[in-house]
Amino acid sequence: MKHIKKIYISIFFAVVFMTSACYGKKSYKDASLPVEERVSILVQQMTLDEKIGQMTQIAKDSASPDLVSSKFLGSILSGGGGSPRMNTTGEWRKMVDAYQKAALSTRLGIPVLYGTDSVHGHNNLHDATIFPHNIGLGASGDADLAEKIGRASAEETAAAGITWTFAPCIAVLQDPRWGRSYESFGSSTADTARLGAAFIKGFQSVDGMRTTAKHYLGDGGTTFGSSKTGNYLIDQGDTQCGEAFLRKTYLPPYKAAVDSGVRIVMASFSSWNGTKMHADSYLLTDVLKKELGFTGFIVSDWGGIDQISSDYYDAVVKAVNAGIDMNMVPYDADKFIRTVKKAVASGDIPQSRIDDAVSRILRVKFESGIFEHPYRDESYIQTVRSAGHLQLARRAADESIVVLKNKNSVLPLKEAAGVYLCGRGADDIGCQCGGWTMTWQGSEGNITEGTTIKKALGEKYKILTYDADGKFGKHSDNAVCVIVVSEHPYAEGMGDSSDLMLPQQDRTVYERVSKQFKTIVLVVLSGRPVILGSMAENSAAVVAAWLPGSEGGYGVADIISGAFSPQGKLPVDWPLSAAQLPCSNFSSGKERPLYPQGFGLTW
């Protein structure tokens, strides 16, 4: 009996010891622990497969919930147009939450970050509030406005269950022939830093929401020239400059972003003096992570690692070692995961680099509170296209519009003998919103809810005659013709332009009405300065409306009618011809623009 009693006593104390040890062991799920401690605890428990999975981001069309759980994926994204089949907030949430549920079902239950390009509102969501693109916000110069738009965009993005946006673009624009010009706040380094930081502050004021500063570094200054195919392209090109100029012109917005709390930076497709940014360890690691003290993670652009080398293994090794922490693959998760495992096994990628990358990703996840709150609050659904957001979008359009010419004070426009309106862009939401709206490149037509210029002017003027082609009948001599000329919607790559000319269709309509009317008000919908030629000379008034978003019709009508006094100033020089570019020719005095940066009339 005594022997048996001793055995029971031994078992008792063993159980007590094991229980105490168990309860005394710290858990990464304990939100009361410091973030760094939680990161360390979790990383120590992860297998190599789980670590590489966290470094992998897949586009939603190539990722099932089963793939998320089987490969321990760290992130899913929706690119331009990456919406569910039924583009509603309810269907968005079902889709995103299914991925999240799969991630939480894994051994360690590490939640995914779901990313999308909410670059001017949640522009992938049908009937969301679409704000002016960044070039317009640059014209407004209003940091308070940028901050409010950041928060509104975050709310409507959260409504769809999403935690992360690939915005803001803080490129400093040096050449408007670049097809991403409208994603930039303009040519001023200081204004770009100020407005970008404000957007970050506003977006991240919504609990758990995260921004991305992009595209690091120098993408707004790629050199214009002939490509191997003979086309003149500057997208994903080469920024050719010395380090002093690079630091002075392009780096300050990133310092401001880091100081403002940005936790994710996207590497640029472009190169610096011939070296692909995705493989530039000096700029990614030495400058951004060490010098600027950036402790978040660097994500690649869409398939950006692939461009480093035709040898995929070599490309992955160079990118990860250079400092890329998460790869926007975006299609083949297995290929990337197998490649990294092979590189680690061979010693080409140190285990310490893997642990650093994963620690950075987990740090951002812990900081965002997504472990405790993996699903977005449903109350944000009511913010989508809310009255407050629509009012904010109208204010943004009002403030961003720049009046470039106003001969004989024709503006504000009186009712007079009637207002004649023409131009396809006058009654086209797609043209108002531009690229990155519902789809990657955007498209013309009634693509989402909004207020066209025609509708808004119709509320201002009782006598309004509209014909897209400008084929009007008889009218009085004092009648005024408002013509809206517009670029076709575009995004990166497809938007590069060697001549910055408006579509021939619009120029033909202008020629037609210029023979009929003595007084013409020219409204320009564009993502950048475009070549106006005789249109600027012959028009009584010229109004640069940029890409003013879903409520841009009200913005244009407010300016034309005088309901709002214009205050926008050009964020970039407006050239007479594309031959005058790049913009450094204006700052050096080599060329004189049609309208200089900072120009804008009021009354």
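The values are calculated or read from the model by the stated rules, or taken from the named source; none is laboratory data. These figures come from a predicted structure and were not determined experimentally. With ideal geometry, Cβ positions are generated from the backbone for all residues, glycine too; neighbour counts draw on all protein chains shown. The area values use the complete protein model at the heavy-atom level, side chains included, leaving out ligands, DNA and RNA. Shrake-Rupley method; radii C 1.70, N 1.55, O 1.52, S 1.80 Å.
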#### Entry: Number of positions in the range 209-221 that are of a type in the set (S, T, N, Q) and open to solvent by 10 Å² or more (accessible area, probe 1.4 Å)
0
### Message
Under 6 Å between Cβ atoms, which residue pairs at least 6 apart in sequence (or on different chains) link something in the range 58-84 that is without any contact (Cβ under 8 Å) to a residue 40 or more places away in the chain and under 17 Å from PRO111 (Cβ atoms) with a partner that is open to solvent by 40 Å² or more (accessible area, probe 1.4 Å) and in a loop (DSSP other than H, G, I, E, B)?
### Response
SER69/SER105
### Query
Are any of the residues in the range 69-92 outside any strand (DSSP E or B), in contact with a strand residue (DSSP E or B) (Cβ under 9 Å, 6 or more places away or on another chain), modelled with pLDDT of 95 or more and over 30 Å from GLY442 (Cβ atoms)?
yes
### Summary
Exactly one of SER561, SER565, SER577 is open to solvent by 50 Å² or more (accessible area, probe 1.4 Å) and not charged (D, E, K, R), and that one is SER565
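For every residue, the table says whether it meets (1) closer than 30 Å to MET86 by Cβ; (2) open to solvent by less than 10 Å² (accessible area, probe 1.4 Å).
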site	(1), (2)
LYS407	no, no
ASP427	yes, no
GLY430	yes, yes
THR437	yes, yes
ILE463	no, no
### Query
Conditions: (1) assigned to a loop (DSSP other than H, G, I, E, B); (2) open to solvent by 10 Å² or more (accessible area, probe 1.4 Å). VAL206 meets all but one. Number of the miss?
(2)
### Message
Of all residues being open to solvent by less than 10 Å² (accessible area, probe 1.4 Å) and in a helix (DSSP H, G or I) in the range 536-557, which is nearest to ASP506 (Cα to Cα)? Just the residue, please.
### Response
ALA536
## Note on the structure
Expected single match for of a type outside the set (Phe, Trp, Tyr), open to solvent by 10 Å² or more (accessible area, probe 1.4 Å) and touching a Ser or Thr at 6+ places or on another chain (Cβ under 8 Å) among GLY81, GLY121, GLY74 is GLY81
### Query
Taking the range 261-279 as the region of interest, how many residues are touching a residue at least 60 places away in the same chain (Cβ under 8 Å) and either buried (at least 24 other Cβ atoms within 10 Å of the Cβ) or within 21 Å of LEU77 (Cβ to Cβ) (or both)?
5
### Summary
Counting only residues in the range 299-319 that are of a type in the set (Ser, Thr, Tyr) and either under 19 Å from the mean Cα position of the chain (by Cα) or open to solvent by less than 60 Å² (accessible area, probe 1.4 Å) (or both), the one farthest from THR56 (Cα to Cα) is identified as SER309
### Message
Restricting to the range 495-507, and then to whatever is modelled with pLDDT of 95 or more and open to solvent by 50 Å² or more (accessible area, probe 1.4 Å), can you tell me which residue is nearest to VAL530 (Cα to Cα)?
### Response
MET501
### Query
With respect to the numbered conditions (1) small (Gly, Ala, Ser); (2) surrounded by fewer than 24 Cβ atoms within 10 Å (Cβ to Cβ); (3) within 22 Å of LEU246 (Cβ to Cβ); (4) touching a residue at least 40 places away in the same chain (Cβ under 8 Å), which one is the sole condition not fulfilled by GLY225?
(4)
### Task
Taking the options PRO111, PRO132, name whichever one is over 17 Å from the mean Cα position of the chain (by Cα) and not charged (D, E, K, R).
PRO111
### Residues within the range 360-378 that are buried (at least 20 other Cβ atoms within 10 Å of the Cβ) and part of a helix (DSSP H, G or I), tallied
7
### Task
For the range 320-347, enumerate the residues that are touching a residue at least 24 places away in the same chain (Cβ under 8 Å) and surrounded by fewer than 17 Cβ atoms within 10 Å (Cβ to Cβ).
TYR331, ASP332, ASP334, LYS341, LYS342
### Residues of the range 293-313 satisfying the condition of being more than 16 Å from SER268 (Cβ to Cβ) and free of Cβ contacts under 8 Å to residues at least 60 places away in the same chain
GLY293, SER309, SER310, ASP311, TYR312, TYR313
### Task
For the range 32-48, enumerate the residues that are surrounded by fewer than 13 Cβ atoms within 10 Å (Cβ to Cβ), more than 14 Å from ARG360 (Cβ to Cβ) and in contact (Cβ under 8 Å) with a residue 60 or more places away in the chain.
GLN45
### Pair list, Cβ under 6 Å, 6 or more apart: the range 88-117 residue within 16 Å of SER70 (Cα to Cα), other residue in a strand (DSSP E or B)
TYR99/ILE76; VAL112/SER75; VAL112/ILE76
### Selection within the range 498-535 - among the hydrophobic types (A, V, I, L, M, F, W, C), under 32 Å from the mean Cα position of the chain (by Cα) and in a loop (DSSP other than H, G, I, E, B)
LEU500, LEU502, VAL530, LEU532
### Message
Going residue by residue through the range 159-182, is there one that turns out to be outside any loop (DSSP other than H, G, I, E, B), in contact (Cβ under 8 Å) with a residue 60 or more places away in the chain and open to solvent by 10 Å² or more (accessible area, probe 1.4 Å)?
### Response
no
### Options ASP127, ASP144; residue that is assigned to a helix (DSSP H, G or I) and open to solvent by 10 Å² or more (accessible area, probe 1.4 Å)
ASP144
### Query
If you scan the range 405-428, which residues turn out to be assigned to a strand (DSSP E or B) and either within 21 Å of LYS474 (Cβ to Cβ) or in contact with a His (Cβ under 7 Å, 6 or more places away or on another chain) (or both)?
VAL419, TYR420, LEU421, CYS422
### Query
Out of curiosity, is ILE354 open to solvent by less than 10 Å² (accessible area, probe 1.4 Å), part of a helix (DSSP H, G or I) and out of contact with any strand residue (DSSP E or B) (no Cβ under 9 Å at 6 or more places or on another chain)?
yes
